[in-house]
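The values are calculated or read from the model by the stated rules, or taken from the named source; none is laboratory data. Predicted model, so just to flag it, every value in this text is computed and none were measured. Because the Cβ atoms are built from the backbone with ideal geometry, glycine has one as well, and the counts that use them run over all protein chains shown.
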């Protein structure tokens, strides 16, 4: 009887952890949008610096998306282990 409770608690903790990873992915999506909003705003203020701003924007968005991919892989590892 006690083992069933422990299995239920472990399964609930697993799903809670996957939910927390999904919150990380939601916040990453918000910050990627913030990066692109800043890029568009910066280019509209100074069009001559478009190449530099775009380069750093791609690097920043790529690094931010990498965090989301790490969270997704971690969520799948927790879910299917």
Flag if residue 79 is surrounded by 11 or more Cβ atoms within 10 Å (Cβ to Cβ) and touching a residue at least 40 places away in the same chain (Cβ under 8 Å): yes
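Yes or no: residue 28 in a helix (DSSP H, G or I), closer than 30 Å to residue 81 by Cβ, in contact (Cβ under 8 Å) with a residue 40 or more places away in the chain and more than 11 Å from the chain's Cα centre (by Cα)?
Working: in a helix (DSSP H, G or I): yes; closer than 30 Å to residue 81 by Cβ: yes; in contact (Cβ under 8 Å) with a residue 40 or more places away in the chain: yes; more than 11 Å from the chain's Cα centre (by Cα): no.
No.
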Condition check for residue 56: at pLDDT below 90 and exposed (fewer than 11 other Cβ atoms within 10 Å of the Cβ): no
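Just to be sure, is residue 35 in contact with a helix residue (DSSP H, G or I) (Cβ under 8 Å, 6 or more places away or on another chain), free of Cβ contacts under 8 Å to residues at least 40 places away in the same chain and surrounded by 14 or more Cβ atoms within 10 Å (Cβ to Cβ)?
So residue 35 passes the test.
Assess whether residue 20 counts as being at pLDDT 90 or above and part of a helix (DSSP H, G or I). Walk me through it before giving the result.
Working: at pLDDT 90 or above: no; part of a helix (DSSP H, G or I): yes.
So residue 20 does not fit the description; no.
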